[in-house]
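Below you'll find the structure, written out as structure tokens, and then a few comments.
The values are calculated or read from the model by the stated rules, or taken from the named source; none is laboratory data. These numbers were taken from a predicted model, which means no experiment stands behind them. No Cβ is skipped: glycine too gets one built from the backbone with ideal geometry, and neighbour counts run over all protein chains shown. In case anyone asks, the SASA skips ligands and DNA or RNA and just uses the protein heavy atoms, side chains included. Shrake-Rupley method; radii C 1.70, N 1.55, O 1.52, S 1.80 Å.
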Amino acid sequence: MVRAMHAALLATPIFRHAVLTLLTATLFLTSTASRASAQGSLPTLLSVTRTSAAILEAGGAITYTVSFRPGDTPVEFISIGLTDAAGTLRTLALDPRSASSEAMLSTASRRAWLDGAYTVSYVSLIDRDREIIYRSNGTISVSPPLAGAPTSHSLGFSAQGFQLTGGVTTPALPTLTSLVRTTAAVIAPGGPATYVLNYAHGSSIVNFIAIGLTDAAGFERRFGGNGVASGSTLSVASDSTWLSGPYAIAYVLLIDESGRQTFYRGDGTITSAPTLAGAPTTHGLNLAALGFQLSSTPGVIAPVITAQPMSLRAAAGSTASFSVTASGTAPLSYQWMRNGMVFPGATNATLSMSGIGSGSTDVFSVLVTNSAGFAKSDSVALSVTAPANPARLINLSVRTSLPPNDSFTLGFVVRGGSKPMLIRAAGPTLAQFGISDAHADPRLELFSGSAKSGDNDNWIDDPARGAQFATVGAFPFASNSSKDAALYVPELAAGNSSVRISGVGSTSGVVLAELYETTPAAEVTSVTPRLVNVSILKQFDSGLTAGIVVGGTGNKVVLVRAVGPSLASFGISDGLPDPLLRLRSASGVVIASNDNWEARDATLMSSVGAFALPPGSKDAALLRTLGPGAYTLEVAANTSVVGQTLLEVYEIP
């Protein structure tokens, strides 16, 4: 994979480098809630810390770490409630039975979520006997109640919220425009009741529709389902178990992909859960006139859940299944919910999911319905453990021409501790790939900060170093005595490092500079030190191209920047005036591009230690989720003026 990328790299040099350290900020909050009375001690929430970014792109992961002190019995379930500006509640949940005092809760946001501020409204701890809820207003509630239990706390949840960007900007409820009964006003036993329904989507797409009927005894019958398009015909067949007499339209229910339920009720009111400020509360549809009479029959048996689904813990990439068993008059319909929202296509008694994502906890429940009513299952959690070999940056390479008496520099940052690194400057060996003007004798120098910490001129055959080449997928050098350069550092200290590539004497030609992290995949965990930033600064003449490789399993979110005009703040007056940035897959397909960066990314840039870009500058930046593989980064010019360009790649935690 690494070798295939080298052939795609272009050239042209001169480099000065500025490496920036990744900033992280974590706020620890201390609970002052006291222990419960002698009747039994409750678990105590000690702190809740957001470990994901303070500004989050819709679709990104939200992660919190919860620290707690168990009471008399272990904590068996933890959940966090997040509320947006419109009052919509989102829940992160975890079954932490393997965690005695700390647990991580994570979920993926969605494009249908509302832009703006999200606040932590509560944290819930459940042990064998009780649920203890720490609310944002400083109160504590215990259910069932326990004499002497604490009633207040001083945890500042307000500091743990975040801003969401890229989601829905103007929330609106879906609109029911018409409902027409197309069957007779009096239905014979066994006959159907049929309706044609029309609606308009709100700010989120409607993906579940239901009509609720009530009989003379107040018994509800609901029918409808997933994916009902506007203008569809909905029909329910009566049978000998239905109660004779009048049936009225109790409501029409529209559920959108954000999970909000909107009821158009027979009394002319509109209600939504969660509520939406400023939304209409009444409608002009005459639903009361759309009922019917059923000539004669008693009631049907509504669903009853006889075997609840159970919480699961599964490894990332595996298959997980939930099942439910229910009784009631057939036919029974099933609809699974994921984190409170309809899970499209999950309409069987068993829900099976393959290739599940890593490092997250989702909450599932199922709605079982028939013509007599519905039953909702318990909510259960699917806890997904992170893979042993998580996705990460493992390689940076750039091919460029190196004139006589010149040099260029690559920069990188290691975080989390010391890390083994392999650094190469290939010159003579490039001839075997058909490069006629390969550099005759490149040299490399390694710097930790401003202090020189290592160098190499001619690599000379070294069995240990050669073995490292094969381990990371690097091509072998042409011979034992070739004048290519290589340096293996078994424990490179955490922090900023740079590599200066130059030629010996007046030699010149094409050189391929490469950085590899060499930790064996089997030894990589979520806490293994890793590369968090790589960068290149070079003169732009006809283009700048570099390659990166994402290794491991799962996906990695990266921030890529092409900085030109903003280099002036570092004393570089000849920065490229208007860079254009492209990201290509290993097959050469452009998968993302950007001309001018967007202001909403400024906070994210700051959070990973990238220097600020002036508002309105013509620098380029893009954010992308990448799976394992090789990728090519290209910088082009939007004008005929050339100059220096800083190309940077940051991993997003």
Those residues of the range 198-244 that are in contact with a strand residue (DSSP E or B) (Cβ under 6 Å, 6 or more places away or on another chain), of a type in the set (A, V, I, L, M) and modelled with pLDDT of 85 or more come to a total of 9
When the range 518-554 is checked residue by residue, the ones that are surrounded by 18 or more Cβ atoms within 10 Å (Cβ to Cβ), touching a Gly at 6+ places or on another chain (Cβ under 9 Å) and under 20 Å from Gly609 (Cα atoms) are Pro529, Arg530, Val532, Asn533, Val534, Ser535, Ile536, Leu537
If we keep only residues of the range 109-159 that are loosely packed, with under 14 Cβ neighbours inside 10 Å and basic (Lys, Arg), then the residue farthest from Ala172 (Cα to Cα) is Arg128
Quiz item: Within the bounds of the range 64-84, is there any residue that is free of Cβ contacts under 8 Å to residues at least 12 places away in the same chain and out of contact with any helix residue (DSSP H, G or I) (no Cβ under 8 Å at 6 or more places or on another chain)?
Solution: no
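Restricting to the range 624-653, name every residue that is closer than 30 Å to Arg50 by Cβ and either open to solvent by 60 Å² or more (accessible area, probe 1.4 Å) or touching a helix residue (DSSP H, G or I) at 6+ places or on another chain (Cβ under 6 Å) (or both). Write out each step before concluding.
Initial filter on the range 624-653 (closer than 30 Å to Arg50 by Cβ): 624-628, 631, 648-653.
Arg624, Thr625, Pro628, Pro653, listed by residue number.
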Residues in the range 248-281 that are part of a strand (DSSP E or B), touching a His at 6+ places or on another chain (Cβ under 8 Å) and not charged (D, E, K, R) total 3
Over the range 568-615, the set of residues open to solvent by less than 70 Å² (accessible area, probe 1.4 Å), of a type in the set (A, V, I, L, M) and touching a Gly at 6+ places or on another chain (Cβ under 9 Å) is Ala568, Ile572, Leu576
Self-check item: Flag for Gly224 being of a type in the set (Gly, Ala, Ser), in contact with a Leu (Cβ under 8 Å, 6 or more places away or on another chain) and either open to solvent by 40 Å² or more (accessible area, probe 1.4 Å) or under 15 Å from Pro171 (Cα atoms) (or both)
Solution: yes
Scanning the range 161-176 residue by residue, the ones that are over 20 Å from Gly278 (Cβ atoms) and touching a Phe, Trp or Tyr at 6+ places or on another chain (Cβ under 7 Å) total 2
Picking from Tyr247, Tyr251, the residue that is over 17 Å from His283 (Cα atoms) and modelled with pLDDT of 80 or more would be Tyr247
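Could you name every one of the strands (runs of 3 or more DSSP E) located completely within the range 163-242 that has at least 2 residues being touching a helix residue (DSSP H, G or I) at 6+ places or on another chain (Cβ under 7 Å)?
On the way: elements: 175-181, 192-200, 206-214, 220-226, 232-237.
The strands (runs of 3 or more DSSP E) meeting that bar are 175-181.
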Here the residues within the range 136-161 that are part of a loop (DSSP other than H, G, I, E, B), in contact (Cβ under 8 Å) with a residue 12 or more places away in the chain and under 33 Å from the mean Cα position of the chain (by Cα) are Ser136, Gly138, His153, Ser154, Leu155, Gly156, Gly161
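Of the residues Ser401, Ser397, which single one is surrounded by fewer than 20 Cβ atoms within 10 Å (Cβ to Cβ), closer than 30 Å to Leu544 by Cβ and touching a His at 6+ places or on another chain (Cβ under 9 Å)? Please lay out each step first, then the result.
Values: Ser397 fails: surrounded by fewer than 20 Cβ atoms within 10 Å (Cβ to Cβ).
From the options Ser401, Ser397, the qualifying one is Ser401.
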The condition from (1) of a type outside the set (Phe, Trp, Tyr); (2) modelled with pLDDT of 90 or more; (3) not in a strand (DSSP E or B) that Val649 misses is numbered (3)
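Considering each residue of the range 323-371, count those that are of a type in the set (A, V, I, L, M, F, W, C) and outside any strand (DSSP E or B), and give that number.
We begin by selecting, within the range 323-371, every residue of a type in the set (A, V, I, L, M, F, W, C); these are 324, 326, 330, 332, 336-337, 341-343, 346, 349, 351, 353, 356, 363-364, 366-368.
From what is left, the residues that are outside any strand (DSSP E or B) are 324, 330, 332, 343, 346, 349, 356.
So the answer is 7.
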